[in-house]
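This report concerns only the one structure given below.
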Amino acid sequence: MTRPFRTACILLACALALTAQTRELPIGVFDSGTGGLTVLQAIVTLDAFHNATGAPGADGTPDFAGESFQYMADQANMPYGNYAAVNKTDLLKENILRCMEFLTSPSTERSKPPVKMLVIGCNTATAYALEDISAFAAKKKRGMPVVGVINAGVKAAMEFQRKNPGTIGVFATAGTVTSNGYPNAIRAAAKAQGMPEPSIVSQGGVGLAESIDRDWSYISDTLTAVRKEYKGPSLRNDRLPIDPALLGIYNFSTEKNRIVCEFDPNGNCLELQLNDPANYVRYHLVTLLETMRRERFTRPLNTLLLACTHYPYMRDTIAAVLTEMYGVREGDGYRYRGVLAPHVELIDPAVETAKEAYLEMRARTLQRSGTAPAPDRFFISVPNTALKEVRLQPDGWFTYEYKYGRKHGEKKTYVRYVPFDTVNVSADTYERFSRAIPEVYARLVPAVKGLR
């Protein structure tokens, strides 16, 4: 055997060994908070392909059977949607890439391996940083696939629109809306498929994802009166105004402390603040429909992209409110029927993202070999209280002013990455997981100490 041939054989053997080792690694799933667990739910329940051949079609076995996962929630730095509003997208990208470094690196302290691929469940992260993440992954490990959520959601929306033309609504965080990521992708898809210029309306759901993740700036379980720290829609918020003339249409729930009012001596509400995820849904859907009326849309809304991973948790509420709005009367007619279809197709990009992740995994031959998988791991970012400058809210998370007042490039360790526990994720949130994403919840139970 010649020396060059022997060397080539050794290199090939090493490459094959590395590939085999890589296949055994977990898949990384990332989001700004816990909303991306809806993407993980779609992944672990997906049965859209024949596992033996990879051909389309269910075979009765989940497509990711035998795979393990690492989930990363950048809770300390969320909501991501606000960074663009304060011209801090460079800081946003820095936060995201630090999370990517954590996911793709081994940690002896956390007994965690690196991941073999990245699924970016966060719409805002996909809109602003997908190219940066892909470049990072290519540099970190050649050939590491990165799957984003936007194109997957657009694909599903366009499939529905082909047979049911109407207006596509993009219901997303303010940051995702500002990026124009979805409208640009929708228009590009329509052009590529020879479809007419699409009708698109966008609504930034400020406070909805935050209230789902119990962000103190937008919701408080112990709230009894209005507060100056509140950042959501209100009667006095010029940027997110609650229209007093529409109070009967919003139909906010007033049970317990789901809204709070400041009254004058005559009992008139001078200020009103939302304190419940369902009330945020009501505010933003009415606002979207009012925008369509004001701008005289001619094609009714019949497709709504749930373009934030948190929003599928509220899918039933969103569907119910849209049905309610269709029936709102005005004079002898109906207020919204000119801009709202009787049925609105709710598009959750998670399923299409799961399909794309599977195809990428097979294309790179990254399926596990069938040996016992490593346990799933769930990580969350928390404020680094060892940093003396850190400013915290009463709930222990960054204050709004500190979070968005930081500057990129300062090389400070703002956060720590720790496993999920029953303190950094609330009992109410775990209860929601058990109902909304049961397969993921079943994976959380052995991973989270104290969870049953």
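Laboratory data are not the source of any read-out in this text; all were calculated from the coordinates shown. Note that this is a predicted model, so its numbers are computed, not measured. Note that we place each Cβ from the backbone using ideal geometry, even for glycine, and neighbour counts take in every protein chain shown.
Applying both filters, DSSP loop and at most 15 other Cβ atoms within 10 Å, to the GluC sites (Glu not before Pro) of the stretch 215-307 gives E229, E255, E295.
Diffusion of the stretch 152-348 by Stokes-Einstein, at 25 °C in a medium of 0.890 mPa s and with Rh set to the Kirkwood radius over alpha-carbon pairs, works out to 140 µm²/s. Angle of helix 3-23 to the longest C-alpha principal axis of the chain, folded into 0 to 90 degrees and rounded to 10: 30°. The C-alpha atoms of the chain define a longest principal axis, and helix 181-192 lies at about 70 degrees to it. Compared with the direct C-alpha span, the chain from T53 to T254 gains 66.9 nm at full extension, assuming 0.36 nm per residue.
Straight-line cross-link partners of K256 among the aspartates and glutamates, defined as a Cα under 14 Å from its Cα and at least 8 positions apart when in the same chain: D221, D276. Between the stretch 143-179 and the stretch 207-248, the alpha-carbon centres lie 27 Å apart. Normalising the average separation of contacting C-alpha pairs (under 8 angstrom, six or more residues apart) by the number of residues puts the relative contact order of the chain at 21 percent.
Could you tell me which of rounded, prolate or oblate describes the stretch 242-396, using a ≥ b ≥ c as the square roots of the eigenvalues of the alpha-carbon gyration tensor, with rounded for a/c under 1.5 and, failing that, prolate when a/b is larger than b/c and oblate otherwise? Verdict is oblate for the stretch 242-396. The label-point distance for A245 and K407, in a model that sets each label 7 Å from Cα toward Cβ, rounds to 4.6 nm. Any chance you could check the Cα centroid distance between the stretch 42-71 and the stretch 282-351 for me, in angstrom? What the calculation gives is 33 Å, centre to centre. Scaled to the globular estimate 2.2 N^0.38 Å, the Cα spread of the chain, given as radius of gyration, is 1.04.
On full extension, the segment bounded by T365 and E295 gains 20.2 nm, given 0.36 nm per residue less the C-alpha separation.
Helical runs (DSSP H, four residues minimum) scored at -39500 (n - 2.57) apiece and divided by the length of the chain put the mean residue ellipticity at 222 nm at -12000 deg cm²/dmol. Computed FRET efficiency, Cβ-Cβ of T108 and A65, R0 35 Å: what is it to the nearest 0.05? Working from the Cβ atoms, E equals 0.75.
Taken about its Cα centre, the chain carries a charge dipole of roughly 1460 debye when the Cβ of each Lys and Arg holds +1 and the Cβ of each Asp and Glu holds -1. Positive contributions from Lys and Arg (+1) and negative ones from Asp and Glu (-1), summed over other residues with Cβ under 15 Å from the Cβ of A185, come out at -2. Here each label is just a point 7 Å from Cα along the line to Cβ, and for R337 and E262 those points are 4.1 nm apart.
Can you tell me the orientation of helix 349-363 relative to the chain, as the angle in degrees between its alpha-carbon axis and the longest Cα principal axis, to the nearest 10? Between helix and principal axis, roughly 10 degrees. Only residues of the stretch 57-93 count here: report those whose backbone N is under 17 Å from the spot 7 Å along Cα→Cβ of D421, or say none. Under 17 Å, as judged by backbone N against the label point of D421, lie 73, 75-76 of the stretch 57-93. When the GluC sites (Glu not before Pro) in the stretch 319-419 are filtered for DSSP coil states and for at most 13 other beta-carbon atoms within 10 Å of their beta-carbon, the remaining sites are E389, E410. Loop-located trypsin sites (Lys or Arg not before Pro) in the stretch 185-248 (DSSP state not H, G, I, E or B) with no more than 15 neighbouring Cβ atoms inside 10 Å: R227, K228, R236, R239. Taking a 28 Å limit on the Cα-Cα distance, which of the listed pairs K116/K388; K228/K411; K112/K407; K116/K355; K139/K449 fall beyond it? Those over the limit are K116/K388; K228/K411; K112/K407; K139/K449. To the nearest 0.05, what FRET efficiency results for C269 and R329 with a Förster distance of 30 Å applied to their C-beta separation? The calculated FRET efficiency here is 0.80.
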